[in-house]
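Only one structure is covered here, and it is reproduced in the block below.
A short reminder: the numbers here are calculations on the coordinates, not readings from a lab. Owing to the predicted nature of the structure, the values given are computational and were not obtained by experimental measurement. Cβ: placed from backbone, ideal geometry, glycine included. Neighbour counts: every protein chain shown.
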């Protein structure tokens, strides 16, 4: 009787250790698989040419990623420029000024915003944002815009990264010891002065980590961007031009990609690039955030 | 003296405005989807699979997508739970408090959480070619399982970390093996596990990029793991791409269905996690 219990315990322990080790390998396996699939195209052309060429003509065997990389950078930059001030102000407000009741209202709001699926953001973007740009905003600046544009992608992405930004920033601000802010307030500083001189200064690294993390989220967003960006493989000249971010490219061509030599490999290279950049961004920002979390908690 | 008060007032106003903007965006999104979707929503949408000429505006519904999404999420939940529950128990209650393995596992899941769903889709697709599986229910289940595992593991881990050490210590000192202890602890952590499941279902059911490559799309309800399966997000995506107005309206109706499901899941996840916190304090 006693023997069976011990055997069960031992088996469970080994099994669990196995799962833990397997899960550690997962990142490596994903990376290697994608890289392996991308090798054929990288043997044909150098990585430098692939990344800097603007020619995307799969039928002729030209796979230049430049327009897609630029598009991804554009939409993500717009997203963070819009989302950062909004989320900074909101999380400072929630952290310093808001009553407990207001914070309680905000929790489900942030939950829901981060829970809404990308495809719903896409539907909403094409219903609300695209016509807004086509009819109201772009006529002031350019002659014609369909609305499916860099700006539309940036706006939708901005809203999609808002919940992530707000929740990380709130965590970062909360990690600052109350003694520090209390000391500042006791010296006669107003709340805003405390925010400016103590809280923001102390959490600068945390804010940067939050930015890096949400930018990497924006890099990888697929369906919503695909639905509002227009998807033309050219370098956009203004924010009202259509663009074609990398994830949208991968998603849009999955059906065709089996039929052409090199095509599948090129798209897998795209997926690998996304994976690799996001991996680095995530690792750096998570390490920073973990350090911040541990700094003040003993 | 006056300047610093004015500055404070200005910035406080900005803060309140941006908070209001964030709340109104949420209502704007949900409002738009419900307003556009509800009029087109009828019982046929929920109970019928697409008929002939569905994408030209003829009769039918999205039952294929609803059932497909359900199958995929159930399958991936089984895989996700089978991996994340033992994992969380192991790193919290088997390993010593400051174990490097636990830190490493948590860190790698933090990163896996950031990996976009399109990458899981591409990886799943590459894996399926390697194994010789076609776009199918099984492929979708694997891709979504990969996608939800980090969410499930992280949110369950958060709760497990908070559990007081007294309970495991008491169990062990009574002579229980660690395995027997784990069984008791899981019961104690049940509300946390439910929250983790609800969060993962919410994320998994709404994702389109991961299933695009792996699950395929079909007008029928799959009867085996090897058949392709439709999913609700993809059905919204494809219907919206149609030039026919009626089909587009049905896309909005499907979007309303998905939004309502997500609303319910998200609110009940919050309910369970708050209930758990109440029990703790």
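Things to note:
- Once the chain from residue A:99 to residue A:32 is taken as fully extended at 0.36 nm per residue, the excess over their C-alpha distance is 19.2 nm.
- Gyration tensor (alpha-carbon) shape descriptor, region B:1-149, a/c threshold 1.5: oblate
- Förster radius 56 Å - calculated FRET efficiency between residue A:144 and residue B:97, Cβ distance, rounded to 0.05: 0.30
- Cα gyration tensor shape for region B:45-280, rounded if a/c is under 1.5, else prolate or oblate: prolate
- Relative contact order for chain A, counting Cα pairs under 8 Å that sit 6 or more residues apart, in percent: 27 percent
- FRET efficiency for residue A:60 and residue A:22, using Cβ-Cβ distance with R0 set to 30 Å, rounded to 0.05: 0.10
- Cα-derived Rg to Rh of region B:77-217, Kirkwood definition: 1.05
- Peptide B:171-184 shows a mean partner chain C-beta count of 3 within 10 Å per residue C-beta.
- Across peptide B:120-130, the average count of Cβ atoms from other chains found within 10 Å of a residue's Cβ is 6.
- Inter-probe distance in nm under a simple model that places probes 7 Å from Cα toward Cβ, at residue B:74 and residue B:188: 3.3 nm
- Counting only Cα atoms, the size of the protein assembly as shown along its three principal axes is 79, 67, 56 Å, in decreasing order.
- For chain B, a Gaussian network of Cα nodes joined below 10 Å ranks B:212, B:199, B:163 by mean-square fluctuation, and the top entry is B:163.
- Cα gyration tensor shape of chain A, rounded if a/c is under 1.5, else prolate or oblate by comparing a/b with b/c: oblate
- Between residue A:179 and residue B:162, the distance separating the two model label sites (each 7 Å from Cα on the Cα→Cβ line) works out to 2.6 nm.
- Here is how the number arises for chain A: DSSP H runs of 4 or more residues each give -39500 (n - 2.57), the sum is divided by the residue count, and the result at 222 nm is -22500 deg cm²/dmol.
- Where only DSSP H runs of four or more residues are counted, chain B gives -25500 deg cm²/dmol as its mean residue ellipticity at 222 nm, each run worth -39500 (n - 2.57).
- Inter-chain Cβ neighbour count for A:19-32, averaged per residue, equals 5 (cutoff 10 Å, partner chain atoms only).
- GNM top mover of B:237, B:55, B:27 - chain B, alpha-carbon springs below 10 Å: B:27
- Pairwise label distance in nanometres, residue B:82 with residue A:234, each label 7 Å out on the Cα-Cβ vector: 5.1 nm
- Those residues of region B:162-176 whose amide nitrogen sits under 19 Å from the label point placed on residue A:5, 7 Å along Cα→Cβ: B:167-176
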